[in-house]
Structure formats: structure tokens, C-alpha cells
Amino acid sequence: QKEVEQNSGPLSVPEGAIASLNCTYSDRGSQSFFWYRQYSGKSPELIMFIYSNGDKEDGRFTAQLNKASQYVSLLIRDSQPSDSATYLCAVNSGGYQKVTFGTGTKLQVIP
Amino acid sequence: DAGITQSPRHKVTETGTPVTLRCHQTENHRYMYWYRQDPGHGLRLIHYSYGVKDTDKGEVSDGYSVSRSKTEDFLLTLESATSSQTSVYFCAISESQGETQYFGPGTRLLVL
């Protein structure tokens, strides 16, 4: 079982819709959760991080964490073509600063 | 953007040759990391450093070594490059344990 799992996609949504990206993790002791966006040929850039159960909002982005069910999700409201990218989920399992990345979900926003 | 640079940005080399990639930061962050990114595998940790001269292995460290003689520089060496080491290599930094990692622009390495 992979430690961090994401559906590779592509996930296609029309412009203006809500995009929902999901991530599950295997280590119940995981403490920190991150979402990165990576455009083709570029490096990952941080969108959001979340530590506590519940929702965290930042502009059009909302991260949701449910530790009991071991999933974290990213909602993108009013999706724009510029949101088209691969979204990486990352989980910090504590210990020696081990962060595990999922393989990413490719999002396509259709104009 | 975090002040992280990587050099070279692109490199083509031949099997069996040594290769050194450099990561330089201007943020004075304690932690530095080297990842490789391959299709279907995502980002995988090669080595990381938690201070000058303090380094440890990641999940895919075979065939790689690292050195950190100054806070701002973290070097990754492929001792004898193989075709399986063709990849995109990213350096990342973080201020402390568990904090956000910030990535450099990456180095594309092709081993022929």
C-alpha cells in the first residue's frame, strides 16, 4: 500500500466549477498535510498546509482534513484555466522530518 | 519566492561519469533536501541535511552522495551515473522540522 495515494486523473472540470482533489494516507500518526501545485516543466509550489481536522480556507482554495478517515482534500472554487496543473499532496509523518508525496492529480479546467 | 537556485539547470552526461548538482539558498534555512521526480513515482527523497555536515539518507539514496560544508550549499553527487538516474532533480529547503518545504527550479539530467 502506498503511503500517500492520489488519483492520477486527469480530472476535467469546466471553467467556473468546483474542482475537488482527494488524497488518502496510511500513517495514522501523520501530523502535517500540504498541497502543492506543479505546472508542467516547473517546480512544485505550496498552495496550502493544514494541521488540524476541519476546513481551512484561503481565497478560492479550501483544504479539508479528516484524520479519522485518513484523507485530505483540496477544493478549488470558480476554477480557472490557469488552475490547470498537477496537484501534489504531501504528508509529514513526523520522526526525522519525513515528508511523503503522492504522485499527483492532473487537473484540466476547460474554458 | 524562496531564494533557491540550482545548477546546472540542464545536463547531459554519459554512463559511468561522476556528476555533481548544486543547490544554493539565501534563506538561511536549516533543512535542505534532494528529491528526484519520475513519471509514476512522484517526488522521492534521495538525501537530506539538517545542518552543516549533518546529512542522512532518504528512500532512494543508492548511487548518490551529498555534502554540506556551508549552510547555503547542498551538493548532490552521482558517483558513477547510470541511465536509471535520468530524472528531474529538485532541491528543497525548510526552516524547521515539519514546516513547509520550498523547492528550487530543478535540474534536468539525461544520462546516455
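The values are calculated or read from the model by the stated rules, or taken from the named source; none is laboratory data. Bear in mind the structure is a predicted one, so any value in this text is a computation, not a measurement. Backbone-built Cβ (ideal geometry, glycine too); neighbour counts: all protein chains shown. The accessibility values were calculated without ligands, DNA or RNA, using every heavy atom of the protein model including side chains. Shrake-Rupley method; radii C 1.70, N 1.55, O 1.52, S 1.80 Å.
In table form, for the structure just shown:
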item	result
Positions within region B:16-58 being under 13 Å from the mean Cα position of the chain (by Cα) and not in a strand (DSSP E or B), in sequence order	B:G58
Failed criterion for B:R44 (all others in (1) open to solvent by 40 Å² or more (accessible area, probe 1.4 Å); (2) under 24 Å from A:L46 (Cα atoms); (3) in contact (Cβ under 8 Å) with a residue 40 or more places away in the chain; (4) not hydroxyl-bearing (S, T, Y) hold)	(3)
Among the residues listed as B:S61, B:S49, the single one being over 20 Å from B:T26 (Cα atoms) and polar (S, T, N, Q)	B:S61
Selection count, region B:1-15, where residues are over 23 Å from B:Y102 (Cβ atoms) and either among the hydrophobic types (A, V, I, L, M, F, W, C) or open to solvent by 40 Å² or more (accessible area, probe 1.4 Å) (or both)	3
Flag for A:Y71 being surrounded by fewer than 20 Cβ atoms within 10 Å (Cβ to Cβ), closer than 22 Å to A:L11 by Cα and either within 14 Å of another protein chain (Cβ to nearest Cβ) or within 16 Å of the chain's Cα centre (by Cα) (or both)	yes
Flag if A:G54 is more than 10 Å from chain B (Cβ to nearest Cβ), loosely packed, with under 14 Cβ neighbours inside 10 Å and without any contact (Cβ under 8 Å) to a residue 60 or more places away in the chain	yes
Check on A:L107, surrounded by 17 or more Cβ atoms within 10 Å (Cβ to Cβ) and among the aliphatic types (A, V, I, L, M)	yes
